[in-house]
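Q: Here it is, the structure in full.
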Number of protein chains: 2
Amino acid sequence: MFDHSNRIPVHIQEMKGYVPGKTIEEVQKIYRPAMIAKLASNENRLGCSPRVREAVLESLSAVQNYPDPLSLELREELARRNGVDPASILVTAGSESAISILCRTFLQPLRVQSPDMQSLRVQSSDMQGRAEAVTAEATFVGFFVQAGVMNAKVTRVPMAEGYRFDGRAMLDAIRDETRMIYLANPNNPTGTYMPADEFRVWLEGIPDHVLIVVDEAYLEYATGVEDYPQAIEDLHSRPNMLLLRTFSKAYGLAGFRVGYVIGDPELIGQLAKVKLTFEPTAAAQAAALAALRDEAFLMQSLDLVRDARARFYAFLEHHDGVYVPSISNSVMMVFGSESEASTFTESMLREGVILRRLAAFGLPHCVRVTMGTPEEMAHFEDSYEKVMGELHSKAVSVAQLRGAQND
Amino acid sequence: MFDHSNRIPVHIQEMKGYVPGKTIEEVQKIYRPAMIAKLASNENRLGCSPRVREAVLESLSAVQNYPDPLSLELREELARRNGVDPASILVTAGSESAISILCRTFLQPLRVQSPDMQSLRVQSSDMQGRAEAVTAEATFVGFFVQAGVMNAKVTRVPMAEGYRFDGRAMLDAIRDETRMIYLANPNNPTGTYMPADEFRVWLEGIPDHVLIVVDEAYLEYATGVEDYPQAIEDLHSRPNMLLLRTFSKAYGLAGFRVGYVIGDPELIGQLAKVKLTFEPTAAAQAAALAALRDEAFLMQSLDLVRDARARFYAFLEHHDGVYVPSISNSVMMVFGSESEASTFTESMLREGVILRRLAAFGLPHCVRVTMGTPEEMAHFEDSYEKVMGELHSKAVSVAQLRGAQND
């Protein structure tokens, strides 16, 4: 076999590939459950605005043409709604692409400033001038992956009690070499957030040389949460801050990959050079514009999540389940061990309830549950009771067996 | 103003941003021509397969869900049609994304192997371990841009006579440090190609340490061209070769951004880790699959281009216009100077004929014309005659004026 190992950077060889969960089709085929509730990917279980269909159909009449590289119409609507200049906005193929663009731009290995060898810090196990970033331990894994592609060194700061951000510890992790700090607020997968007063202190503590990236993918779900910080209000005083938004969550357009970055026009202009010329697709731009204009659907989506969350909390409390209160469209369940979390998730899958294990997020003992429709939540509840009943009898039998053997 | 210059790598600051040409809407508004023929972007002037609409509509019923990260169904169909294993194929958000993935993977700055400072080649004006690539001078500018983002050093080898690839000179440009060689075959924007016998010699001459990237975006248009090399036949003996394909040209899906890479499964597996998890979009995967299965539309598209090309050649020859014979869906016109090319393009724009200047491709005296429908070609011809007539009378008047002054 041909040896490609010299061709590919070691840090990429060592990366793990994305292993997708089971699809609805696979679960149907393998387990044949009566119903399937896919509560694994924080997608909008209501679907998307009915206006999207017409907008996409219209866009198809010119699908042989390249998309508008500037996403002009969408950008202007976003600018208007956010009270910023269109030059402050970059539309991208989802937040994942935005994060990749940020990493490609800001986490490149440092340029050597002079030929003076003595000034270079090189360690035998290390690469010359690796860029550094700071984030939290139990946060969106996408940032870690994209920073990893650039071989950046990412410090993941442990969470505080209750799976909340430890803002102070994140600040303490900043060094002279730190180029970026990433905060997902509201956070995924914990559903927690950094409240406004802490956020302002946190912002104050970040030195100017660090780029601040606030990923607001779940922003819409924070509507009505009084102490959730409106980071956009700090943009004018923080030209080193960028906000990330997406249409993949509350707007229900995950399949279309549309997101955007808000920030200082000069920074946005540099990022525009690094983004792929023709992202996102023409249909995606049309879909996002239609979704943005349908506020009624957005409100329905937020209501669905709020109701499902209340119901979910009550159900779990009734069954002595442990969860982390969330302002997002998912709730994280906490188990006593990795094996408990794993057994639960596998058993639920057999019933047709697809959930997300969080080992990749550094939380092997936790499971994330996307808030769904009343039917989906009912299916979760029925399955939960069945599964927990079975697990409990099994545990009892095993205990009895052990007891008998010990006799 | 905040100073971002320390934050952004110098090579990105120095990059030029993409400046889009005038859109159909802008041309309509500014010049109000009787008809517009957009012959600037090598898009399929027939549109796309009528089957795409239904496939996309169907995909919309699950657009709230993330796309299949493996593009399983599309990949299997592509594998079957190309006679390779699905593991040999990576589906991406267009060729542009494929090129970006390749550059992110293979053109990262070299890893420092040892702490021995003496072994590092550093120049004061240069960056440590910059990756190197070889390509041709008058070829697809997208490769140059994406390699530029990674700060790679790209050697652009001048073309041979007739704007054909100089395979020998490209081989001579390969050094120990060269990591990638990029060949667009058929080439864009020249429409020329490296014939099969030359291609085999070229392949033989490339050492194993260099990754060979053959961009076959215009492959379909080479159907029936006897000495066009079927590079896919060399894949088994060339595990260091990757082929790029796209749905943006003959399949008429530029708006959807779908392309794919064919190559050694181990290489493809590494690239899969670098691609964005959820590219391309769900609708794009559905559209590509539908387009792929409509061979009748593909044949119509190829016929349209073949007929338009013959008509275009005859027209230009009749008017003593200079062009480069093409096997692609565009034909390059050659002018005596940059100013002639510029004047011609501007004048045609006023008539509603949108063409592509090629200064960014290193060909300031050339203009690329996409082959269009009979109506579009007729509009090109009428406009050409009008524009050339005016330019000629103007030139005559200027000459007479000069003559008069000299008297």
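Q: Measure nothing but the geometry: give the 0 to 90° angle between the long axis through the Cα atoms of A:51-60 and the longest principal axis through the Cα atoms of chain A, rounded to 10°.
A: The answer is roughly 50 degrees.
Q: Please express the Cα-Cα pair-distance distribution P(r) of segment B:51-293 as a list of whole percents, one per 5 Å bin, running from 0 to the bin with the greatest distance.
A: With 5 Å bins starting at 0, P(r) equals 1, 6, 13, 17, 19, 16, 12, 8, 4, 3, 1, 0, 0.
Q: Taking a 25 Å limit on the Cα-Cα distance, which of the listed pairs A:K153/A:K275; B:K249/B:K386; B:K22/B:K386; A:K16/A:K273; A:K273/B:K275; B:K153/B:K249 fall beyond it?
A: Numbers: A:K153/A:K275 22 Å; B:K249/B:K386 30 Å; B:K22/B:K386 21 Å; A:K16/A:K273 29 Å; A:K273/B:K275 19 Å; B:K153/B:K249 29 Å.
Where the Cα-Cα span goes over 25 Å, the pairs concerned are B:K249/B:K386; A:K16/A:K273; B:K153/B:K249.
Q: In µm²/s, what is D for chain A at 4 °C and 1.567 mPa s, where D = kT/(6 pi eta Rh) by Stokes-Einstein and Rh is the Kirkwood radius from Cα pairs? List each step's numbers first, then the result.
A: Numbers: Rh = 23.1 Å.
Translational diffusion coefficient: 56 µm²/s.
Q: Long-range amide H contacts for B:A37: which residues qualify at under 5 Å (H placed 1.01 Å from N, peptide plane, sequence gap of 5 or more or a different chain)?
A: B:V353, B:I354
Q: Have a look at B:H318, B:M170, B:G17 and report the one farthest towards the positive end of the charge dipole of chain B, computed about the Cα centre with Cβ charges (Lys/Arg +1, Asp/Glu -1).
A: Of the options given, the answer is B:G17.
Q: Another question, then. Compute the angle between helix B:94-106 and the longest alpha-carbon principal axis of chain B, please, reported from 0 to 90 degrees and rounded to the nearest 10.
A: That works out to roughly 40 degrees.
Q: Work out the length of the dipole vector of segment B:224-332 about its Cα centre, built from +1 on the beta-carbon of each Lys and Arg and -1 on the beta-carbon of each Asp and Glu, and round it to the nearest 20 debye.
A: Working: 10 positive and 13 negative charges, 97 e Å.
The dipole of segment B:224-332 has a size of about 460 debye.
Q: Related question: Measure nothing but the geometry: give the 0 to 90° angle between the long axis through the Cα atoms of B:374-406 and the longest principal axis through the Cα atoms of chain B, rounded to 10°.
A: Once rounded, one gets 60 degrees.
Q: Give me a single rounded figure for B:246-258: the average over its residues of other chain Cβ atoms within 10 Å of their Cβ.
A: 5
Q: Let me ask something else about it. Provide a whole-number value for the mean count of partner chain Cβ atoms within 10 Å of the Cβ atoms in peptide B:282-289. Please list the in-between numbers first.
A: Numbers: counts 5, 11, 7, 1, 1, 4, 0, 0.
What the average comes to for B:282-289 is 4.
Q: Checking the a/c ratio against 1.5 first, then a/b against b/c, what shape does the Cα gyration tensor give for the protein assembly as shown? Mind dumping the intermediate values first?
A: Numbers: a/c = 1.74, a/b = 1.60, b/c = 1.08.
Since a/c reaches 1.5 and a/b is larger than b/c, the shape of the protein assembly as shown is classed as prolate.
Q: Taking amide hydrogens as modeled 1.01 Å from N in the peptide plane, which residues meet the under 5 Å criterion relative to A:T155, leaving out close sequence neighbours?
A: Sorted by chain and number, the residues that satisfy this are A:A133, A:V134, A:T135.
Q: Looking at the square roots a ≥ b ≥ c of the eigenvalues of the Cα gyration tensor of segment B:179-282, which shape do they give, rounded for a/c under 1.5, prolate if a/b is larger than b/c, or oblate?
A: Details: a/c = 2.18, a/b = 1.13, b/c = 1.93.
Taking the square roots of the gyration eigenvalues as a ≥ b ≥ c, segment B:179-282 is oblate.
Q: Additional query: Towards the positive end of the charge dipole of segment B:51-293, with charges on Cβ (+1 Lys, Arg; -1 Asp, Glu), say which of B:P207, B:A222, B:L90 has the farthest Cα.
A: Result: B:L90, furthest along the dipole toward the positive end.
Q: For chain B, set up a Gaussian network in which alpha carbons nearer than 10 Å are linked by springs, and say which option among B:D166, B:D264, B:D382 fluctuates the most.
A: B:D382
Q: Now a separate question. Using Cα centres only, tell me the gap between segment B:171-240 and segment B:1-42 in whole Å.
A: Computed from Cα coordinates, the inter-centre distance equals 31 Å.
Q: Which peptide among A:250-259, B:138-147 comes first, and what is the full order, when sorted by highest mean count of other Cβ atoms within 10 Å?
A: Numbers: A:250-259: 28.1, B:138-147: 23.1.
The densest-packed peptide leads the list: A:250-259, B:138-147.
Q: Counting partner chain Cβ atoms within 10 Å of every residue's Cβ in A:207-218, what's the average? All intermediate terms of the calculation are to be shown ahead of the outcome.
A: Details: counts 0, 4, 2, 1, 3, 0, 0, 0, 0, 0, 0, 0.
Neighbouring Cβ atoms belonging to other protein chains average 1 per residue here.
Q: How do the peptides A:3-10, A:359-366, A:390-397 rank, highest first, by the average count of neighbouring beta carbon atoms within 10 Å per residue?
A: Values: A:3-10: 14.6, A:359-366: 18.0, A:390-397: 10.8.
Ranking, from highest mean packing down: A:359-366, A:3-10, A:390-397.
Q: Between the label point of B:Q400 and that of the same position in each other copy, find the distances and list them shortest first in nm, with every label point placed 7 Å from Cα along the Cα-to-C-beta direction.
A: 11.4
Q: If you place +1 on the Cβ of every Lys and Arg and -1 on the Cβ of every Asp and Glu, how big does the dipole about the Cα centre of segment B:51-293 come out, in debye to the nearest 20?
A: Details: 23 positive and 31 negative charges, 141 e Å.
Taking the Cα centre of segment B:51-293 as origin, the dipole is about 680 debye.
Q: Only bridges with both residues in segment A:51-293 count here: give the DSSP antiparallel percent, nearest 5.
A: On the way: 10 of 27 bridges.
Expressed as a percentage, antiparallel bridges in segment A:51-293 total about 35.
Q: Mean separation of Cα pairs under 8 Å and 6+ residues apart, divided by the residue count of segment A:270-405: what relative contact order is that in percent? Don't skip to the end; give the middle numbers.
A: Details: 112 pairs, mean separation 25.8, N = 136.
Taking the mean separation of contacting Cα pairs over the length of segment A:270-405, I get 19 percent.
Q: How do the peptides A:195-202, B:44-51 rank, highest first, by the average count of neighbouring beta carbon atoms within 10 Å per residue?
A: In descending order of packing, they fall as B:44-51, A:195-202.
Q: Name the shape class, rounded, prolate or oblate, that the alpha-carbon gyration tensor gives for segment A:257-298, where a ≥ b ≥ c are the square roots of its eigenvalues, rounded holds for a/c under 1.5, and otherwise prolate holds if a/b is larger than b/c and oblate otherwise. Walk me through the numbers on the way to the answer.
A: Details: a/c = 4.01, a/b = 1.70, b/c = 2.35.
Verdict is oblate for segment A:257-298.
Q: Let me ask something else about it. Place the label 7 angstrom along Cα→C-beta at A:I30 and in each other copy, then list the distances from the first to the rest in nm, shortest first.
A: Those separations, rounded to one decimal, come out as 5.7 nm.
Since every read-out is calculated from the coordinates, none of them should be taken as a lab result. Just so we're clear, the structure is a prediction, and the values are computed from it rather than from any experiment. Backbone-built Cβ (ideal geometry, glycine too); neighbour counts: all protein chains shown.
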